[in-house]
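Here's the structure we're looking at; comments come further down.
FYI, it's all coordinate maths here, none of it is from the lab. Here the structure is a predicted model, which is why all the values come from computation and not from measurement. Cβ atoms come from the backbone with ideal geometry, glycine included; neighbour counts cover every protein chain shown.
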Amino acid sequence: MAKQRAELTKLEWVLMDALWDEKQATASDLQRKLEPTQNWAYSTVKTMLDRLLEMGYVKARRVGNVFEYSPKVKRTTAVGKVVDDVIDRFFGGAVAPFIQQLVERGTFDQGELESLREVIEQRKRAGDEQ
């Protein structure tokens, strides 16, 4: 059975971002794509892909004499797991203090604050309709 953990390492995120962008790729394709920023050897990329395969984040199929990899987990799902883990670990599962922390840190520009306000209003309306 595949092992899954809530968090990918920073380097696993780099590789997964490349794979999410490409939709499917061989280890050689990913190594070439990431070479300008990571300068990883083929064996490094292959080892990381094998680990991500074992963890259940990617799937592989044999095409000729190589494996072609594709994401098994959507990016939004992986991000959601990380966010859920942060909220559980640092905020006792409460979302409001998490959002408050983000707002107080000044991480939102005015457009983002307006978008957040709209999302909150939509959720309120949806709650009133139930």
Inset, instruction - Mind checking which lysines have their Cα closer than 17 Å to the Cα of residue 72? Skip sequence neighbours fewer than 8 apart in that chain. - result: 3, 23, 46, 59, 81
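Report, in debye and to the nearest 20, how large the dipole of the chain comes out about its Cα centre when Lys and Arg carry +1 and Asp and Glu carry -1 on their Cβ.
In total the dipole reaches around 640 debye.
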Inset, instruction - Starting at the first residue of the stretch 86-92, write each ³J(HN,Hα) from the Karplus equation 6.51 cos²θ - 1.76 cosθ + 1.60 with θ = phi - 60°, in whole Hz, x for Gly and Pro. - result: 4, 4, 5, 6, 9, 10, x
Legend entry - the chain: most fluctuating residue of 36, 97, 71 per GNM, C-alpha cutoff 10 Å: 36
Inset, instruction - Per residue, how big is the convex hull around the C-alpha atoms of the chain? Give it to me in cubic angstrom, could you? - result: 172
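Tell me the mean residue ellipticity at 222 nm calculated for the chain from its helices only (DSSP H runs of n ≥ 4, each -39500 (n - 2.57), averaged over every residue, nearest 500).
Computed ellipticity for the chain at 222 nm equals -21500 deg cm²/dmol.
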